[in-house]
Structure formats: C-alpha cells, structure tokens
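Report on the structure given below.
The values are calculated or read from the model by the stated rules, or taken from the named source; none is laboratory data. Fair warning: this is a prediction, and the values are worked out from it, not measured in the lab. Cβ placement follows ideal geometry from the backbone for every residue including glycine, while neighbour counts extend to all protein chains displayed.
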Amino acid sequence: MKKTSKKSAFLMLFSILFILYFGNLVYNIPSTINVTKQLNELNITKNQIIKITPKNTNYVNYDNANSIKGYAKLFGIIPIKEVTINFNKDRKVYVGGHSIGVKLYTEGILVVGFSDIETQYGKKQSPAVLANIQIGDMIVEVNNKRIRNIKELSDMIINSNGKPLTLKVKRKEKYFETTIEPILNKNNQYKLGVWVRDSTSGIGTLTFIDPKLKKFAALGHPINDIDTGQMLNVRDGNIYKAKIIDIEKGEKGKPGELRGAFSEEDVVGKLTKNTLCGIYGEIKDVNDLILPNSRLYYIANKDEVKEGAAKILVQVDDSVKEYNIIIEKVNKQNSPNAKSMVIRISDKTLIEKTGGIVQGMSGSPIIQDDKVVGAVTHVFVNRPDMGYAIYAEWMYNELNDEF
C-alpha cells in the first residue's frame with residue numbers, strides 16, 4: 001500500500017513538473033517570429049524541442065507574402081501555438097566597418113588547464129583529472145546549483161570543507177555528472193586543480209545592422225577560446241563603442257593588429273549569439289551604430305559574388321573609409337563557411353597603414369556592385385595583403401529569431 005502511495009505521489013509530482021516546464025516553454029514562444037532565410041521549418045530553441053512550421057505552404061520563401069501563419073510544434077509534430085512568421089525579403093542593411101568592443105560571458109565555466117596541488121604532505125594529482133574532466137569541458141552545475149561565474153564556483157569549493165562535490169559537465173553537446181573531492185593545499189585552501197575561464201573580451205569590426213529587426217552582425221567568424229580553440233557559448237554579453245589607439249603593421253609570418261580601447265559604460269548592443277558566421281545581437285538604439293551619411297545596401301546572394309574589383313570598409317583611424325580590394329577567388333559553398341572567398345588588398349594607402357589585413361579587421365564589410373557581398377574573416381600569415389572572407393548571405397541568415 002505504501003509503495004503504491006509513493007508511486008502515485010511520484011507520478012503526480014512528475015506530472016506537475018512536466019506541466020510547469022512546458023507551460024513556461026509555450027509562454028515564452030513569441031507570437032511573431034522573424035525569419036531571414038528560405039526554409040520549410042525553423043528550429044528556434046536551443047534545446048531542439050520546438051520547431052516552427054508554415055501553416056498553409058510547404059516553404060517560407062521569396063514567393064510568399066511578407067507574413068504568413070504558422071505553428072509552433074512540440075518535437076516538430078504536435079501543434080501547441082499559432083504564430084506569425086515574418087519573412088524579411090528585402091534584406092536591407094546599414095553597413096558597419098567601425099571598431100567595436102566585445103565582451104562575452106560563457107554559458108558555464110570553461111576548463112582550460114590542470115595543475116597538481118601542493119599540500120603539506122607533498123604534491124597530489126589534480127582532482128579534476130581523476131574525475132575525468134577534460135580541457136574544453138564546461139562546468140554548468142555544482143550540487144544541482146547553476147554556476148554562472150568563477151566566483152560562484154570558487155565559493156562552492158571553499159564551502160565544501162573537503163566534502164565531495166557533484167559536477168554537471170557539458171562536453172560538446174552531451175552532459176554527464178561526475179563526483180570530485182576538493183583537496184586542501186598547503187595554504188589551507190580547498191582546490192580542484194583546474195584552470196577555468198568564464199569570459200573573454202576584445203576588439204572586432206561591425207559588419208552590418210538590420211534597422212527593421214534592430215539586430216547587428218559582426219566578425220564573420222566565431223569567438224573561440226584562446227587556449228582550447230573551442231567556440232564559446234553565450235550566456236550574456238555586450239558590444240561597445242570603441243576607438244583605435246594603435247596599429248601594429250602586418251608582416252610576412254607575423255600578423256598585425258588593430259589595438260583598440262572601449263569603456264563598459266559605452267554599451268550599444270546586447271550579445272546573444274556566437275556562431276560559425278560571427279557574433280549577433282540586439283541594438284539598443286540603431287542611431288548609435290549608423291555611420292554619418294550612411295545608406296541602406298542590399299545583401300547579395302552568394303551566387304551574385306564574382307571575382308574582380310570590390311571595396312572594403314574599415315576603421316584604422318578616427319573614421320571608417322573605403323579601400324580597394326580584389327576578390328581573387330570565389331568558392332562555391334552549400335553550407336556556411338568563413339572561407340567563402342579569397343581577397344587581396346590592392347589599396348596602397350591601407351597597405352601603408354596596416355600592411356594588409358590585420359587582427360581586429362574581422363567583420364569589415366565588402367561592397368561589390370553596390371551590394372554587401374561579404375566580410376573579412378582571416379589573414380594569410382605569409383601574405384598579409386591577402387586573406388579569406390565569408391559570404392554576407394551566410395551572415396545575414398543567422399539573424400533569425402531564437403528564444
């Protein structure tokens with residue numbers, strides 16, 4: 001009888017939690033979804049649970065009206081909410097070219113290294129290694145408590161008094177739990193023997209702004225951790241107004257750099273996504289980022305890009321200027337890649353100032369035939385006047401709404 005009662009209570013609790021979870025999920029599905037690319041279904045949740053599908057047509061494409069009705073479907077099967085899908089056909093943007101400061105806070109605590117622990121009895125192996133933690137892992141919970149930054153992790157370790165901790169760890173796209181026992185070092189501090197990071201910051205270049213969606217795109221490539229090379233997941237972050245304070249010219253075998261500075265008081269946008277095609281987010285005030293005398297440009301389809309003359313917009317002093325480049329090679333691509341084309345700086349003024357493409361220029365927009373065709377992504381180490389660029393179409397497609 002007691003077993004039956006416990007089982008019924010457990011099922012009731014599970015049912016309540018299930019209803020609360022999915023009730024909250026449905027509540028957070030927006031009534032209007034902004035779409036920037038042709039598709040037949042749109043996965044707009046990070047956990048792969050909800051999919052948005054059109055109601056009366058097989059595809060969201062250029063032949064449809066600007067807005068069509070659709071459904072949010074649980075697991076892509078069960079309709080749970082009707083939504084309006086807005087397809088942004090015209091793809092008009094204001095170009096960037098100006099430097100921005102970027103600060104990204106990771107979703108979890110990134111493991112970047114290990115160290116043995118010096119105790120009063122000698123050196124002991126890192127508890128993190130013994131707990132099967134690997135470089136590149138993300139620590140997301142300790143004892144079922146969400147960990148947002150290094151201080152919270154440190155406090156949990158200190159307050160453990162040496163008792164075992166249960167860590168929830170994300171490795172690539174999978175989660176697992178492991179138990180770890182902190183060790184008291186020779187300074188009477190409990191340690192896990194692990195080096196971690198919870199944020200990163202730097203200087204990059206704004207590529208474009210969509211005034212209709214009030215969103216920005218920048219960099220043209222992901223922000224990766226400097227030690228592990230892993231693409232960082234965004235928990236929070238901002239972009240800031242920045243200014244160039246120095247230039248290290250690029251040389252053969254030694255990439256140059258735009259050195260900039262920014263103040264955390266000069267926030268102009270909220271960072272929401274870090275993807276293979278760059279970083280994205282929401283703009284506080286579009287006018288904060290639109291250049292003087294700027295105008296709207298169309299985003300070119302990737303098939304419109306051709307080899308030959310083009311312009312690059314970049315800030316290497318107090319203002320954004322146009323410089324001449326040559327698109328040397330156009331690569332045919334069926335999926336996003338930061339190496340869509342090979343470009344060469346042909347402008348003698350820019351070469352004189354920077355030596356060619358330098359760090360900090362990633363995201364600089366490329367104009368050809370009066371359309372935005374791409375953005376700078378990489379420099380060739382042994383040819384600083386040459387590098388790679390990504391198609392603007394790949395970047396624009398990432399402006400899709402997510403929740």
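Specify the residue that is surrounded by the most Cβ atoms within 10 Å (Cβ to Cβ); the eligible residues are those in the stretch 210-227 that are within 16 Å of the chain's Cα centre (by Cα) and farther than 16 Å from A338 by Cα.
Step by step, filter the stretch 210-227, then rank; the result is F216.
Name the one entry in S340, S346, S335, S364 that is hydroxyl-bearing (S, T, Y) and closer than 16 Å to S99 by Cβ.
S364
Within the stretch 130-141, restricting attention to residues that are over 21 Å from I226 (Cα atoms) and of a type in the set (A, V, I, L, M), which residue is surrounded by the most Cβ atoms within 10 Å (Cβ to Cβ)?
Looking at residues that are over 21 Å from I226 (Cα atoms) and of a type in the set (A, V, I, L, M), I get A131.
Would you mind telling me which numbered condition in (1) at pLDDT 95 or above; (2) assigned to a helix (DSSP H, G or I) V373 fails?
Unmet condition: (2).
Does any residue in the stretch 294-321 that is outside the structural domain of L219 (by TED's automatic domain parsing) and over 15 Å from V93 (Cβ atoms) come within less than 7 Å, Cβ to Cβ, of a residue that is part of a strand (DSSP E or B) and among the charged types (D, E, K, R) six or more places away or on a different chain, and which pairs are these?
Cβ pairs passing all conditions: none.
A quick yes/no check of all residues on (1) part of a loop (DSSP other than H, G, I, E, B); (2) of a type in the set (V, I, T); (3) free of Cβ contacts under 8 Å to residues at least 24 places away in the same chain:
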| position | (1), (2), (3) |
| --- | --- |
| N337 | yes, no, no |
| R344 | no, no, no |
| G363 | yes, no, no |
| I367 | no, yes, no |
| D385 | no, no, no |
| Y388 | no, no, no |
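Among T166, T205, which is the only one that is in contact with a Ser or Thr (Cβ under 6 Å, 6 or more places away or on another chain), under 30 Å from L296 (Cβ atoms) and modelled with pLDDT of 90 or more?
One residue alone meets the criteria, T205.
Just to be sure, is G204 in contact (Cβ under 8 Å) with a residue 24 or more places away in the chain, surrounded by fewer than 16 Cβ atoms within 10 Å (Cβ to Cβ) and small (G, A, S)?
No: the conditions fail for G204.
Tell me which residues, restricted to the stretch 138-166, are out of contact with any helix residue (DSSP H, G or I) (no Cβ under 9 Å at 6 or more places or on another chain) and either of a type in the set (D, E) or closer than 11 Å to T179 by Cα (or both).
Of everything in the stretch 138-166, those that are out of contact with any helix residue (DSSP H, G or I) (no Cβ under 9 Å at 6 or more places or on another chain) and either of a type in the set (D, E) or closer than 11 Å to T179 by Cα (or both) turn out to be E141, E152, D155, K163, P164, T166.
Read through the list (1) under 23 Å from the mean Cα position of the chain (by Cα); (2) outside any strand (DSSP E or B), then give the number of the only condition that K270 fails.
Status for K270: all satisfied but (2).
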